[in-house]
Amino acid sequence: MDNYFAVILAGGGGTRLWPLSRQRQPKQSIKLLGDRTLFQIAVDRLAPLFPPERILVVTGVQYADDLRAQRPALPAENFIIEPAPKGTAPAIGLAALTIRRHDPQALMACLTADHFIKDEARFRALLQAAAEVALKDYLVTLGIEPTFPATGFGYIQRDTLLGTFGGFEVYHAARFREKPPLAEAERMVADGRHSWNSGMFVWKVEQLMAEFAWQMPGFHHQLMQIEANPRVLPQVWPNVIEKTIDYGIMEGAERVAVIPAGGLGWNDVGSWDSLFDVLPADEQGNIVVGTDLLEINTRGALVHNSNPARKLVALIGASDLVVVDTGDVLLVCPRRQAQAVREMVAALKQRPDGAQFL
């Protein structure tokens with residue numbers, strides 16, 4: 001499929017993985033899971049479906065040089081620089097303009113730079129199936145089978161069966177529901193008709209542009225200004241609305257299809273406790289990265305060291321604990337409170353000396 005392009009959104013973030021994830025080095029640029037960064041993993045798993053010239057990256061100017069150095073095989077012009085973060089809808093719109101210059105009839109897969117996917121071959125097969133569905137003028141999303149009633153994810157409700165493509169069942173999408181309260185999330189998980197919204201989409205570029213024209217006409221007009229004269233981007237961008245693609249397009253679109261992407265081994269890798277689902281543990285359930293652990297009566301602990309001064313970590317009776325050492329910061333918290341790291345980041349912003357640790 002020579003007119004199929006992949007777009008990786010790599011704009012930053014990841015405050016729940018502080019102190020390893022920082023403003024100058026966000027989640028996708030750190031070696032969280034091994035000897036490659038999440039960005040490198042995201043690029044590598046697209047081969048051989050997408051050659052380097054058909055992989056685009058949307059990022060900020062402060063991250064572009066680092067990401068280019070991480071995967072130099074990607075053409076430099078394939079890095080699309082946002083003047084400022086405005087949410088996924090504007091980022092995807094910028095990428096669509098670039099792809100349309102290459103091929104007005106192109107398909108585009110919108111992907112993420114910071115997710116874990118265990119079965120990469122199945123992932124590529126899903127992207128091929130999604131392309132077949134997109135050719136029938138659907139906006140296609142990959143849905144993840146929910147494993148618990150998450151309140152931080154979006155949900156997609158399945159409707160009637162559209163057909164089978166590439167061995168995968170594809171359904172009409174009845175509705176999107178973003179970040180529901182716990183009771184509603186519990187009902188949606190129990191009914192078996194909902195998937196988590198993975199944030200990964202496939203569609204025709206022209207169909208996406210038509211949706212922008214219909215649902216976000218002001219932003220579409222701004223895109224047309226940029227397309228007519230790319231040099232006006234710095235002047236136009238400050239006035240662009242900040243919006244996600246889910247709220248801006250997907251919730252209001254009429255022809256939306258969802259492919260339940262079971263068996264992917266997908267994880268958002270959004271917090272320290274999420275690493276327990278993706279990293280190997282020892283016989284006591286402890287996960288140790290970048291250091292040596294000596295423990296007594298300790299179970300289910302995570303010890304992560306990125307401090308160049310490698311050290312021995314000794315834990316006694318410290319079960320279900322998260323310990324992260326970056327050299328300038330030492331984080332210690334119970335695993336059950338790992339989501340509160342973002343509150344620590346917010347508190348740090350209020351300190352006079354906080355900026356040096358963000």
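The values are calculated or read from the model by the stated rules, or taken from the named source; none is laboratory data. The structure presented is a predicted model; accordingly, all values stated were derived computationally and were not measured. No Cβ is skipped: glycine too gets one built from the backbone with ideal geometry, and neighbour counts run over all protein chains shown.
From the set of residues in region 260-319 that are buried (at least 17 other Cβ atoms within 10 Å of the Cβ) and of a type in the set (Asp, Glu), which is farthest from Ala173 (Cα to Cα)? Ranking the candidates gives Glu295 first. Out of all the residues in region 9-22, which are assigned to a loop (DSSP other than H, G, I, E, B), more than 18 Å from Ala69 (Cα to Cα) and either of a type outside the set (Ser, Thr, Tyr) or not assigned by TED's automatic domain parsing to the domain that holds Arg68 (or both)? Once the filter is applied, which keeps residues that are assigned to a loop (DSSP other than H, G, I, E, B), more than 18 Å from Ala69 (Cα to Cα) and either of a type outside the set (Ser, Thr, Tyr) or not assigned by TED's automatic domain parsing to the domain that holds Arg68 (or both), region 9-22 yields Gly13, Gly14, Trp18, Pro19, Leu20, Arg22.
Taking the conditions exactly as written (under 26 Å from Gly290 (Cβ atoms), crowded, with 16+ Cβ neighbours inside 10 Å, in contact (Cβ under 8 Å) with a residue 24 or more places away in the chain and assigned by TED's automatic domain parsing to the domain that holds Ala129), does Gly87 satisfy them or not? So Gly87 fails the test. Look at region 227-253: where a residue is in the same structural domain as Met200 (by TED's automatic domain parsing) and outside any helix (DSSP H, G or I) and a partner is among the acidic types (Asp, Glu) and at pLDDT 95 or above, sitting 6+ places away or on another chain with Cβ atoms under 6 Å, you get Ala253/Glu211.
I'm trying to understand the selection: among the residues of region 137-149, which are over 21 Å from Val7 (Cβ atoms) and surrounded by fewer than 18 Cβ atoms within 10 Å (Cβ to Cβ)? Matches in region 137-149: Glu145, Pro146, Thr147, Phe148. Which of the residues belonging to region 55-84 are assigned to a loop (DSSP other than H, G, I, E, B) and surrounded by fewer than 15 Cβ atoms within 10 Å (Cβ to Cβ)? Hits for region 55-84 are Pro72, Ala73, Pro75, Ala84.
Yes/no per residue for (1) modelled with pLDDT under 95; (2) in a helix (DSSP H, G or I); (3) farther than 22 Å from Ile41 by Cα:
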{"site": "Pro104", "(1), (2), (3)": "yes, no, yes"}
{"site": "Cys110", "(1), (2), (3)": "no, no, no"}
{"site": "Asp114", "(1), (2), (3)": "yes, no, no"}
{"site": "Ala121", "(1), (2), (3)": "no, yes, no"}
{"site": "Arg124", "(1), (2), (3)": "no, yes, no"}
{"site": "Val133", "(1), (2), (3)": "no, yes, yes"}
{"site": "Lys136", "(1), (2), (3)": "no, no, yes"}
{"site": "Val140", "(1), (2), (3)": "no, no, yes"}
{"site": "Pro146", "(1), (2), (3)": "yes, no, yes"}
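Residue check: is Ala69 in contact (Cβ under 8 Å) with a residue 40 or more places away in the chain and either within 30 Å of Thr291 (Cα to Cα) or in the same structural domain as Ala346 (by TED's automatic domain parsing) (or both)? Judged against the criteria, Ala69 is not a match.
Using the structure shown, decide if Val256 is out of contact with any Ser or Thr (no Cβ under 6 Å at 6 or more places or on another chain), outside the structural domain of Val205 (by TED's automatic domain parsing) and crowded, with 16+ Cβ neighbours inside 10 Å. When the stated conditions are applied, Val256 does not pass them.
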